[in-house]
Amino acid sequence: MNVVVLHGSARVGGDTDTLAEHFLRGLGGEETHSVTHFRPIEMEIAHCRGETCMGCSAGDGCVIQDDMQAVYPAFREAEVVVMASPMFWGYMTSQLKTLFDRFEAVVSPEYFGNKDFALLIGYRHYYGSMVEWLDRITAGFGSRSHAVLAQTYDPETGRDIPIADLPDKLAEATALGQDVAQRRAA
């Protein structure tokens, strides 16, 4: 199975990376599948220029030549797309948002159809905007949306909670990987 992991965090090995590791373990492990990782924080990805450019309207994809050229084919071939990201100000990180904005050039069933999208997020106060966004996209393309939502902040004490202290969320990520693998195998 082809799997793409989009890491929204700037912190390698942090909470959302750990959730992704557990999801992949449940899926059957990286040695069982073709897994490609992208870390937008480490990539050169320009912002979409939208109406000032519209080079993609010719149907040849994005005209901006940068590190997205590696993401497009991997994303198109992926059967499972994992988005592991903390939430900042109620939404995905700016690095991951910039990457997704660039998908505007390839929005089509070829790229977004018949996939399982796993949203693995760490949040402080609110997560709904990302879940609602992904639900709308997947519904429009006949794909499936799944989420593991880990509140990594205790509002009563004002203390951040490391993901290691939330074993139920790690187990949930593993179980989600198992569920996706079973559904895709059926």
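The values are calculated or read from the model by the stated rules, or taken from the named source; none is laboratory data. Small disclaimer: the values here were computed from a predicted structure and weren't measured. Neighbour counts run over all protein chains shown; Cβ positions are idealised from the backbone, glycine included.
List of remarks:
- Looking across the stretch 156-173 at every residue that is surrounded by fewer than 18 Cβ atoms within 10 Å (Cβ to Cβ) and of a type in the set (Asp, Glu), the one that is farthest from residue 17 (Cα to Cα) is identified as 156.
- Scanning the stretch 33-62 for residues that are assigned to a loop (DSSP other than H, G, I, E, B) and at positive phi gives 54, 59, 61.
- Single residue of the stretch 174-186 satisfying the filter (free of Cβ contacts under 8 Å to residues at least 12 places away in the same chain and hydrophobic (A, V, I, L, M, F, W, C)) that is surrounded by the most Cβ atoms within 10 Å (Cβ to Cβ): 185
- Single condition residue 86 does not satisfy, out of (1) touching a Lys or Arg at 6+ places or on another chain (Cβ under 9 Å); (2) loosely packed, with under 14 Cβ neighbours inside 10 Å; (3) of a type outside the set (Val, Ile, Thr); (4) at pLDDT 90 or above: (2)
- Scanning the stretch 48-76 for residues that are surrounded by 13 or more Cβ atoms within 10 Å (Cβ to Cβ) and either modelled with pLDDT of 95 or more or closer than 17 Å to residue 7 by Cα (or both) yields 66, 67, 68, 71, 72, 74, 75, 76.
- Taking every residue in the stretch 145-169 that is farther than 22 Å from residue 82 by Cα and in a strand (DSSP E or B) and pairing it with any residue that is at pLDDT 95 or above and β-branched (Val, Ile, Thr), at least 6 positions away or on another chain, the pairs with Cβ-Cβ distances below 6 Å are 154/161.
- Listed by first and then second residue, the pairs with beta-carbon distance under 8 Å, at least 6 apart or on different chains, first residue in the stretch 36-65 and touching a residue at least 60 places away in the same chain (Cβ under 8 Å), second outside any loop (DSSP other than H, G, I, E, B), are 38/4; 38/5; 38/6; 38/7; 38/70; 38/71; 38/74; 38/99.
- Hey, residue 104 under 22 Å from residue 35 (Cα atoms) and of a type in the set (Asp, Glu) or not: no
- The stretch 89-127, residues that are surrounded by fewer than 20 Cβ atoms within 10 Å (Cβ to Cβ), of a type outside the set (D, E, K, R) and assigned to a loop (DSSP other than H, G, I, E, B): 89, 90, 107, 108, 113, 114, 125, 126, 127
- Residues being small (Gly, Ala, Ser) and farther than 19 Å from residue 74 by Cβ - total across the stretch 30-54: 1
- Residue count, the stretch 15-47 (criterion: of a type in the set (Ser, Thr, Tyr), buried (at least 20 other Cβ atoms within 10 Å of the Cβ) and out of contact with any strand residue (DSSP E or B) (no Cβ under 6 Å at 6 or more places or on another chain)): 1
- Here residue 15 fulfils each of the conditions (1) at pLDDT below 95; (2) under 15 Å from the mean Cα position of the chain (by Cα) apart from (1).
- Residue among 66, 116, 101 that alone is of a type in the set (Asp, Glu) and more than 18 Å from the chain's Cα centre (by Cα): 66
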